[in-house]
Amino acid sequence: MGVLLLVVLVLLVVLVFWVIAAYNRLVKLSVLADNAWSDVEVQLKRRHDLVPNLVETVKGYAAHERQTLEAVINARNAAVAANDPQQRVQAENMLTAALRQLFALVEAYPELKANENFLALQRELSAIEEDIANARRYYNAVVRDYNTRLALIPDGFIAALCGFRSKPFFAAEEEAREAPQVRF
């Protein structure tokens with residue numbers, strides 16, 4: 001009877017440590033995913049802060065292209081106002097598409113393309129876009145690891161019991177992947 005009790009206690013202790021380890025892995029991955037999303041938001045805020053300056057610079061040269069400029073501002077405002085990650089992804093994809101249209105429009109204005117302020121803003125936006133892409137890749141990698149862990153047995157049982165939920169990927173929508181069409 002004493003040996004059986006000891007075996008049961010050892011198994012119970014092993015089970016408790018296993019549950020704690022699985023829970024801690026899930027918490028760690030969840031925190032990493034939240035941190036990675038925060039990094040994405042920092043880069044997106046940098047872009048949001050730059051867009052009005054870019055639009056004002058273009059406005060001076062292409063005042064009659066009001067529709068494109070308004071689309072960029074509306075997309076930027078929607079991105080700033082988005083609350084949850086899924087809304088944010090959709091709004092950011094709209095902003096990316098609007099910025100592509102803006103840069104396609106710029107091709108029609110050689111004097112704007114040569115403007116120092118515009119060139120500086122364009123370089124800064126290019127750097128920010130690269131930072132955003134890197135932050136998105138890192139976020140998606142952490143979310144992949146987290147979501148995979150949620151789906152694996154036995155960690156999935158712990159996740160279900162503790163209320164862990166999968167996190168969305170930051171994916172570009174189809175229209176954000178297409179090159180803008182500009183016709184003169």
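The values are calculated or read from the model by the stated rules, or taken from the named source; none is laboratory data. None of the values given here were measured: they were computed from a predicted structure. Counting neighbours? That spans all protein chains shown, and the Cβs are built from the backbone with ideal geometry, glycine included. Each accessible area value is taken on the protein alone, full model and side chains, heavy atoms only, with ligands, DNA and RNA left out. Shrake-Rupley method; radii C 1.70, N 1.55, O 1.52, S 1.80 Å.
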Q: Say whether the condition of being open to solvent by 30 Å² or more (accessible area, probe 1.4 Å) and farther than 22 Å from Glu124 by Cα is met by at least one residue in the stretch 36-57.
A: no
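Which count do you get for residues in the stretch 73-100 that are touching a Leu at 6+ places or on another chain (Cβ under 7 Å) and touching a residue at least 40 places away in the same chain (Cβ under 8 Å)? Talk me through it step by step, then tell me what you get.
From the stretch 73-100, those touching a Leu at 6+ places or on another chain (Cβ under 7 Å) are 75-76, 79, 92; that's our starting set.
Narrowing the set further to residues that are touching a residue at least 40 places away in the same chain (Cβ under 8 Å) leaves 92.
Within the stretch 73-100, residues that are touching a Leu at 6+ places or on another chain (Cβ under 7 Å) and touching a residue at least 40 places away in the same chain (Cβ under 8 Å) number 1.
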Q.
Six or more apart or on different chains, Cβ atoms under 8 Å: show the pairs whose first residue is in the stretch 5-23 and modelled with pLDDT under 95 and whose second is of a type in the set (A, V, I, L, M, F, W, C).
A. Val19/Ile158; Ala22/Ile158; Tyr23/Ile158; Tyr23/Cys162
Q) Yes or no: Ser30 small (Gly, Ala, Ser), within 30 Å of Leu99 (Cα to Cα), at pLDDT 90 or above and part of a helix (DSSP H, G or I)? A) no
Q. Looking at (1) out of contact with any Ser or Thr (no Cβ under 7 Å at 6 or more places or on another chain); (2) modelled with pLDDT of 90 or more, which is the only condition Tyr146 fails?
A. (1)
**Q.** Residue list for the stretch 107-153, filter: within 21 Å of Asp49 (Cβ to Cβ) and hydroxyl-bearing (Ser, Thr, Tyr)
**A.** Ser126, Tyr139
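If I go through the stretch 117-128 residue by residue, how many of them are under 12 Å from Gly60 (Cβ atoms) and open to solvent by 60 Å² or more (accessible area, probe 1.4 Å)? It would help to see each step written out before you state the result.
Taking the stretch 117-128 and keeping what is under 12 Å from Gly60 (Cβ atoms), we get 117-118.
Right, trim to open to solvent by 60 Å² or more (accessible area, probe 1.4 Å) and you get 117.
Qualifying residue count, the stretch 117-128: 1.
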Q. Tell me, which residue of the stretch 73-116 that is at pLDDT 80 or above and β-branched (Val, Ile, Thr) is nearest to Lys59 (Cα to Cα)?
A. Ile73
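Which one of Ala120, Ala171, Ala159 is modelled with pLDDT under 90 and either within 21 Å of Asp84 (Cβ to Cβ) or in a loop (DSSP other than H, G, I, E, B) (or both)? It would help to see each step written out before you state the result.
Working: Ala120 fails: either within 21 Å of Asp84 (Cβ to Cβ) or in a loop (DSSP other than H, G, I, E, B) (or both); Ala159 fails: modelled with pLDDT under 90.
Result of the check over Ala120, Ala171, Ala159: Ala171.
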